[in-house]
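A.B. asks: One structure, pasted below without further comment.
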Amino acid sequence: MGTVLSLSLMQSSISASQMVEQTDAVTIAGQKQLKPNSENVKFSKEQAITKLRELFPLLNQAEAENIELGNSHTYPPPPNQMVWNIQWAIKDGTSSFGFNSEVDAISGDLISTNLYTPFNEDDLAYYPPKISEKEALELAKAFLAKAVPSSTHGEWKKDEDIYMGDQPLFGPVQYHFQFIPTVNGIPISSERTSILLDGEGTVCQFNRSNAAPLGDYPTIKPKISVEEANQKYKQKVNLELLYIPIYQGRDVSWFLGWKGLAPTYSTMDAETGEFLAENGDPIPSEPLYQEVPKTDKIFSPIVGKDGSITAEQAAEVIEKHFAIPKGRELLRKSMSNNFYGNGERKVWDLSWGDPTNRFMGPQGETHAFVDSVTGQVLDYQADFSRPFGYVDSDAGGNKAGITKEEATKKAMEIINELYPNAASELKWNNFDYDSPIKSPDNQFLFRFQRYYEGIPVFGEGVSLTLDQTGTIQSFHNTPMENLAEKVKGLEPTISKEEATNKYLQDTSVQLTYRSFGGFNTTQGYVQPTIKMVYQQEFAKGLNPWYAINAVDGTWTSGWANKPEQEKAVEPEDIKGHWAYDDLKTMLEHQLLTTDEQGKVGPDQSITAGDWLKMMSKAVNPQFEHFYGESSKNVGDVSKDSPYYQAVQWAYEQKWLDPEQKKLSLDQPLTREQLAVSLTRILRYDKLAKFLNDDLITFQDENGIENKGTAFIVFRLGLIQGTNGMFEPNKEVTKAEAATVIMRLVHLQGKTDKQIYR
């Protein structure tokens, strides 16, 4: 459970903005709003400016350039317009840095401030920070109490489940916290307050999301008890075996996992006991997934010359199956191999528009992607600027509108024609279980789930929308290339019963308030509805993206990260080691890991590739997630190398010589190679060549090929000599690499160029 922050504030469930006269509540674009009225101001703009400067001392250097009551920059405006909107500017010579603040004009509560500070290296707090994360949390709590003194909430809970990313060793230290407000002790899951502090303890960002400032919170006594809710939840959990992708940059691997196929029955109405979909509707009891009937016309691939169809053939496919709005011609056609980040599939990218007005850009265009090998339609939008809920008044067909049965029949015919083996690979449903937006009355939405050999493929399928005339408005399909090869050999060893037991052990439901709606669509504003619900809650470190691995029974995520584990036992082989502190830091930041016996091997040599991986992770803990099949080849490193992602990162950071054809990353790293790498990381490689003379007095200097690099790293204290020897060919151990990294960490802010990017 999260940390509870008691502010001894008001317990009323009536928001401060509701204290004004109801005549000031208006409806704009279907949205209930509190209009700006200077007569209702209880916290003046002068008070707002004074408060902001007290909370953020940096603003004492700033000038409030523009102050307005309300927000005239967005449409429709935010619901609460009784807000001071203040634009700040910090001037530095002829340059000016601007940022914005918002303060409630009735309660005086801070709503948001995001400080944009000039790039002054001297003001940045590097590792080691002046304050710890625990101290930063206490400062954040104290700041929250000052910033929101008139909160309608009696308590704030620190959100323990939110993942803000691993703190890198390099770069400015930042602490990011999120707090959940409560009403009468019940958390409001739809609302968040985010606070960002630097390593000095200074608050740099503050943002409050208020889902429904004019809303009421239901009675605090639910009709369904927590015991009843958990019992209902346990009865409803029905895990299915799924093929689940693991994304790592553009690379995708697969595992078999036990997971609830949507709907997941994660939200239960505390008043009725009904399970709710994302749009707030009760989930129907009838089966959601139905067989796709096979029709007379089925998909037939186009045979192109030399294995590829032409742009004209691709355009013919679209014009055959889709009604291009009148007055539009094919304006643009290009080949792309980056369809939704999938570098394995080459597609034709096509756009139709008005040839008499080519300056409209995507507005008023029809857009499509077609597979260049088979002619399969991958994506179609009748109107790029109106993708949802729009009906073309010029479209043909029955203006009175077709029935749901007629739309369903037509959808089945379309999916058979456009998707290979649709009747055997797809199942369909048209209930909006996973979208917060309900389908408009004048549109029919169909969703198709893909199956491979009878097993659902998580995240894969087709969506199809028809308007009231039966005209296709959108078609979206992202099939995974070569799925059969990727999932070959995956066999489950964990039974459904075993997986369910573990799933229920690590999940439960918690009473909370949740807002449905509160956003704009092409159909107008969706009024927010606040309901008291029981929401699925995962054990610490887990979230809905995780599934029970059907091979080893562990929680596995589709984003290549593992759940937070209990604090690991300290390896025995680092205790008492001369580099103990540095090795411990490497383990905490996962730059080093233990082997199957729980040992680090601090005196083992590392390879040149190991060094790149350690440094890459020290600068960016998530570096491995950004590089895949379409990344640039560097040197002699193949895509199946364990160092591939590190090389990609190092190449982008200019840590590697682009002319070097042989990196030899599997070879042990020598001290001279380490010195060369350090000078490139510090951007001193040119200086090193300039200093490549007898500037050092090591006894073995004749054996040093890159004397300038040795001089620089020695002068900076990164690599030291032993008994007057530099030992350029000596292999670097894990302990020595750890010590060098920490020396480099402490050097931050003392060099002319940043070590991180």
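The values are calculated or read from the model by the stated rules, or taken from the named source; none is laboratory data. These numbers were taken from a predicted model, which means no experiment stands behind them. Heads up, the Cβs are rebuilt from the backbone with ideal geometry, glycines too, and the neighbour counts pull from every protein chain shown. Areas reflect the complete protein model, heavy atoms only, side chains present, ligands, DNA and RNA absent. Shrake-Rupley method; radii C 1.70, N 1.55, O 1.52, S 1.80 Å.
A.B. asks: For Y643, tell me the accessible area in Å² from a 1.4 Å probe, rounded to the nearest 10.
C.D. replies: About 20 Å², ignoring ligands and nucleic acids.
A.B. asks: Hey, with R₀ at 45 Å, roughly what FRET efficiency would T751 and K221 work out to, going by the Cβ-Cβ distance, to 0.05?
C.D. replies: 0.15
A.B. asks: Would you mind checking the stretch 735-752 for residues with the amide N under 20 Å from a putative spin-label position 7 Å along Cα→C-beta of Q667?
C.D. replies: Answer for this model: 737.
A.B. asks: Separate question: Could you check the simple spin-label distance between S336 and E274, using points 7 Å along Cα→Cβ, in nm with one decimal?
C.D. replies: With each label point 7 Å from Cα toward Cβ, the separation is 4.1 nm.
A.B. asks: Taking the Cα-to-Cβ direction at V237 and at K130 and moving 7 Å from each Cα, how far apart do the two end points lie in nm?
C.D. replies: According to this spin-label approximation, the distance is 4.7 nm.
A.B. asks: So for the stretch 568-664, taking the charge dipole from beta-carbon charges (+1 Lys/Arg, -1 Asp/Glu), which of W578, V637, T607 sits furthest toward the positive end?
C.D. replies: Among W578, V637, T607, the one farthest towards the positive end of the dipole of the stretch 568-664 is V637.
A.B. asks: Could you pull the accessible area for W545 with a 1.4 Å probe, rounded to 10 Å²?
C.D. replies: Here the residue's solvent-accessible area equals roughly 140 Å².
A.B. asks: What size of dipole, in debye to the nearest 20, comes out for the stretch 631-711 about its Cα centre when the only charges are +1 on Lys and Arg C-beta atoms and -1 on Asp and Glu C-beta atoms?
C.D. replies: Charge dipole, the stretch 631-711, about its Cα centre: 380 debye, nearest 20.
A.B. asks: Here's a follow-up. I'd like to compare 603-616, 314-327: which one has the highest average count of other Cβ atoms within 10 Å, and what's the full order after that?
C.D. replies: The most tightly packed comes first, giving 603-616, 314-327.
A.B. asks: Using the charge dipole of the stretch 230-310 (Lys, Arg: +1 at Cβ; Asp, Glu: -1 at Cβ; taken about the Cα centre), state which of Q290, I309, L242 has its Cα farthest towards the positive end.
C.D. replies: Of Q290, I309, L242, it is I309.
A.B. asks: Would you mind checking which residues have amide H under 5 Å from T607's amide H? H placed 1.01 Å from N; only 5 or more apart, or other chain.
C.D. replies: Result for T607 returns L669.
A.B. asks: Let me ask you something else. Determine, from the Cβ-Cβ distance of K496 and S638 and an R0 of 22 Å, the FRET efficiency 1/(1 + (r/R0)^6), rounded to the nearest 0.05.
C.D. replies: Here the calculated transfer efficiency is 0.05.
A.B. asks: Under 12 Å from a label point 7 Å along Cα→Cβ of K689: give me every residue in the stretch 650-667 with its amide N that close.
C.D. replies: 657-659
A.B. asks: Now for a separate question. Multiply the residue separation of Y289 and K599 by 0.36 nm, subtract the distance between their alpha-carbon atoms, and state the gained length in nm to one decimal.
C.D. replies: Extra length available between Y289 and K599 comes to 106.6 nm.
A.B. asks: Now for a separate question. Please report the net charge: other residues with Cβ closer than 13 Å to the Cβ of G553, K and R +1, D and E -1.
C.D. replies: With Lys, Arg at +1 and Asp, Glu at -1, the neighbours total -2.
A.B. asks: Here's something else I'd like to know. Compute the signed sum of charges (Lys and Arg +1, Asp and Glu -1) over the other residues within less than 11 Å, Cβ to Cβ, of P492.
C.D. replies: In short, -2.
A.B. asks: Next question, about the same structure. Students sometimes get this wrong: rank K617, K234 by accessible area, probe 1.4 Å, all chains present, largest first.
C.D. replies: These residues rank, largest area first, as K234, K617.
A.B. asks: Using 1/(1 + (r/R0)^6) with R0 = 51 angstrom and r between the beta carbons of E228 and D354, what's the FRET efficiency to the nearest 0.05?
C.D. replies: 0.30
A.B. asks: Among residues other than D685 whose Cβ falls under 10 Å from its Cβ, what is the net charge (Lys/Arg +1, Asp/Glu -1)?
C.D. replies: Around D685, the charge tally is +4.
A.B. asks: Where does each of R332, R671, R680 land when they are ordered by accessible area, with a 1.4 Å probe and the largest first?
C.D. replies: Largest accessible area first, the residues go R332, R680, R671.
A.B. asks: Round to the nearest 10 and report in Å² the accessible area of H367, as given by a 1.4 Å probe over the protein chains' heavy atoms.
C.D. replies: Result for H367: roughly 30 Å² accessible.
A.B. asks: Quickly work out the V551-to-D581 label distance, labels modelled 7 Å from Cα along the C-beta direction, and quote it in nm with one decimal.
C.D. replies: In this crude label model, D581 to V551 measures out at 4.2 nm.
A.B. asks: Ranked from the most accessible area to the least, with a 1.4 Å probe and all protein chains present, what is the order of K730, K707?
C.D. replies: Ranking K730, K707 by accessible area, largest first, yields K730, K707.
A.B. asks: Suppose every K and R has +1 on its Cβ and every D and E has -1 on its Cβ; what is the size of the dipole of the stretch 651-694 about the Cα centre, in Debye to the nearest 20?
C.D. replies: Once rounded to the nearest 20, the dipole reads 120 debye.
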